[in-house]
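Since the structure comes first, as structure tokens, the remarks are kept for the end.
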Amino acid sequence: VLVGAGLVAGIASAMAGGASVLTFPVLLAFGVSPLQANVTNTVGLAPVLVGSGLASVSELRAQRERVLSLAVPTLLGAVVGGLLLLSTPTDLFTALAPYLLGGACLLLLVQPGAVPHATRETGWRRWAAWIAALISGVYTGYFGAASGVLFLALVGLFTAATLHELNVVKNLLVGSANAVAMVLFALFAPVRWPMAAALAVGALVGSAAGARLVLRVPARRLRIAVAVIGLAVAVRLAIG
């Protein structure tokens, strides 16, 4: 079941985003606690997210300055978010989980209009982009679902990069932030390793399939389906 969930999540990740929104509820259905499900999810899906980041490296040569300036806050934020999660009482994270999941799903629904980028980058906008990347990194380390959409939405407010340019920056930096969180969780968190391995196997195959299907299946419909499923799970968690 988890390999199948990872497969679908990998396809969704390659085509529309929201992989964690699909696999997090499946882990909960197996009786895994929300905190364990979150860290297992991050570790299990990290190979796909890191792979998508590495695939964008060749397109980033012209954006070297932007990548270097945003890498520091994004990765620093991932460390802070991961440490916050590890120090968060289980009951608190359990209480926050439905709202984090619901927020991620709403981000997926508004994704097409979530990048109202600036027309120019002045000094204060660079600092604002730095802070936005820091917030995105903290969220990635703490929860992670739809973190790429959050990065585009926040950083896009303060950068003059086109959507395509910002998207390849996002792939590299959010993938790297997930890798940082994965290392923290692998060392210090209660990861359910057999489950993480099953997710990783399915997600790797699914991401390869998604790259081929992206031209045949409308990404908007897939994104809406993922978001609706996630919202239903969030409501179910919120009402206990």
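Worth pointing out:
- Each residue in segment 181-196 was checked for being open to solvent by 40 Å² or more (accessible area, probe 1.4 Å) and of a type outside the set (Gly, Ala, Ser), and 8 of them qualify.
- Test: residue in segment 58-73 that is touching a helix residue (DSSP H, G or I) at 6+ places or on another chain (Cβ under 7 Å), under 27 Å from residue 166 (Cβ atoms) and basic (Lys, Arg): yes
- Close pairs from segment 223-236: first free of Cβ contacts under 8 Å to residues at least 24 places away in the same chain, partner exposed (fewer than 15 other Cβ atoms within 10 Å of the Cβ) and not in a helix (DSSP H, G or I), Cβ under 8 Å, at least 6 apart: none
- Matching residues in segment 37-53 - criterion: being farther than 20 Å from residue 166 by Cα and surrounded by fewer than 20 Cβ atoms within 10 Å (Cβ to Cβ): none
Quick grid of which residues meet (1) assigned to a loop (DSSP other than H, G, I, E, B); (2) at pLDDT 80 or above:
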position	(1), (2)
200	no, yes
203	no, yes
216	yes, no
221	no, no
226	no, no
229	no, yes
236	no, yes
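- Each residue in segment 137-151 was checked for being closer than 19 Å to residue 79 by Cβ and part of a helix (DSSP H, G or I), and 10 pass.
- Residue in segment 137-151 that is surrounded by the most Cβ atoms within 10 Å (Cβ to Cβ), counting only those that are among the small types (Gly, Ala, Ser) and on the phi < 0 side of the Ramachandran plot: 137
- Candidates 166, 134, 173, 154, filtered to the one that is assigned to a helix (DSSP H, G or I), in contact with a helix residue (DSSP H, G or I) (Cβ under 7 Å, 6 or more places away or on another chain) and crowded, with 24+ Cβ neighbours inside 10 Å: 173
- Residue match in segment 76-88 (condition: surrounded by fewer than 24 Cβ atoms within 10 Å (Cβ to Cβ), hydrophobic (A, V, I, L, M, F, W, C) and free of Cβ contacts under 8 Å to residues at least 12 places away in the same chain): no
- Subset of segment 1-29 (residues that are touching a Leu at 6+ places or on another chain (Cβ under 9 Å), within 20 Å of residue 100 (Cα to Cα) and open to solvent by 30 Å² or more (accessible area, probe 1.4 Å)): 13, 26, 28
The values are calculated or read from the model by the stated rules, or taken from the named source; none is laboratory data. Computed from a prediction, not measured in an experiment: that's the story for all the values here. Note that each Cβ is placed from the backbone with ideal geometry, even for glycine, and that neighbours are counted across all protein chains shown. Quick note on the areas: whole protein, heavy atoms, side chains included, nothing else; ligands and nucleic acids left out. Shrake-Rupley method; radii C 1.70, N 1.55, O 1.52, S 1.80 Å.
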